[in-house]
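A short worksheet on the structure shown next.
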Amino acid sequence: MHHLRYKDMKTFIVAAFAALSLASGAARNAAKTACENPMPIEAALNAETKPGETLTTTGGAPPSPEATASPQSPLKLPLVNPRVVVSKGKRQLALYAGGAVVRTYRIALGANPSDDKVRQGDRATPEGDFYICVKNARSNFYLSLGLSYPNAEDAERGLRDKLITRAERNAIVRAIQNKRRPPWNTALGGEIFIHGGGTDGDWTWGCVALSNADIKELFDALPLGTSVRIEH
């Protein structure tokens, strides 16, 4: 009798651990497939918030950043004339202040990391000059900084290639001229963010991913309107 109970208990424990492992893997895969579209929390917040505003929600505190915080000295805030340069080839984000590099961070890119972004769903990270048009304190990926993709050049290309209408082109150009968030619901794609979630391989839908500790430092240091250049 005791032998049978032992076997039953052993079988139950093995099954429980197997179920837990499957659930953990599914959660990781779900996170890796939601960056540009769909991005449920990002998309819902952005749709309900005026372009260029900092996004916040009520509720509990956001998740804590990774325990392995940067060993460097804290940034001296506010930064003087901050700007960001992303090198896709180097998988590196450089933070400038006062004309000098003050931080470099390791990054991950979209699953199509080499190409420039052309259209929605191509999983490419765009190249060009952008600015931070949204700050989301309740991102699916800890914290996020929304970029002004598509920019005016993307809009002209999209119109030329018949991906967007003239009205969509005009709406994008007008938003860029006013330093607002451009429309993110055209065939050119949108919702390109710098966000957390880790740098374990190129896994996003076109966004730039950092460690949670690094995006926390950037999020706190960079205001809306900060220039972001993404180079090949």
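Quick grid of which residues meet (1) farther than 27 Å from PRO78 by Cα; (2) more than 13 Å from the chain's Cα centre (by Cα); (3) without any contact (Cβ under 8 Å) to a residue 24 or more places away in the chain:
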| position | (1), (2), (3) |
| --- | --- |
| PRO126 | yes, no, no |
| ARG160 | yes, yes, yes |
| ASN185 | yes, yes, yes |
| HIS195 | no, no, no |
| GLY198 | no, no, no |
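Checking the conditions here, which among SER87, SER148 is crowded, with 16+ Cβ neighbours inside 10 Å and either touching a strand residue (DSSP E or B) at 6+ places or on another chain (Cβ under 6 Å) or not assigned by TED's automatic domain parsing to the domain that holds GLY225 (or both)? That would be SER148, the only listed residue that is crowded, with 16+ Cβ neighbours inside 10 Å and either touching a strand residue (DSSP E or B) at 6+ places or on another chain (Cβ under 6 Å) or not assigned by TED's automatic domain parsing to the domain that holds GLY225 (or both).
From the list GLY158, GLY189, GLY225, which residue is in the same structural domain as TYR131 (by TED's automatic domain parsing) and either closer than 22 Å to ARG83 by Cα or modelled with pLDDT under 95 (or both)?
The conditions single out GLY225.
Taking the conditions exactly as written (crowded, with 24+ Cβ neighbours inside 10 Å and more than 22 Å from GLY110 (Cα to Cα)), does ILE172 satisfy them or not? So ILE172 fits the description; yes. Taking the condition in contact (Cβ under 8 Å) with a residue 60 or more places away in the chain and at positive phi, does GLY146 pass? The answer is no for GLY146.
So which residues in the stretch 98-124 are among the hydroxyl-bearing types (Ser, Thr, Tyr) and over 18 Å from SER144 (Cα atoms)? Matches in the stretch 98-124: SER114 only.
Just to check your reading of the model, which residue among ILE194, ILE230, ILE215 is hydrophobic (A, V, I, L, M, F, W, C), at pLDDT 95 or above and in a helix (DSSP H, G or I)?
Details: ILE194 fails: in a helix (DSSP H, G or I); ILE230 fails: in a helix (DSSP H, G or I).
Result: ILE215 is the single residue among ILE194, ILE230, ILE215 that is hydrophobic (A, V, I, L, M, F, W, C), at pLDDT 95 or above and in a helix (DSSP H, G or I).
Within the stretch 101-110, the presence of at least one residue that is buried (at least 16 other Cβ atoms within 10 Å of the Cβ) and over 18 Å from GLU217 (Cβ atoms) is confirmed. Could you tell me whether ARG181 is at pLDDT 95 or above, at negative phi and in contact with a helix residue (DSSP H, G or I) (Cβ under 8 Å, 6 or more places away or on another chain)? Criteria met by ARG181.
The values are calculated or read from the model by the stated rules, or taken from the named source; none is laboratory data. Nothing here was measured: the structure is a model prediction, and the numbers come from that model. So basically every Cβ, Gly included, is an ideal-geometry build from the backbone, and we count neighbours across all protein chains shown.
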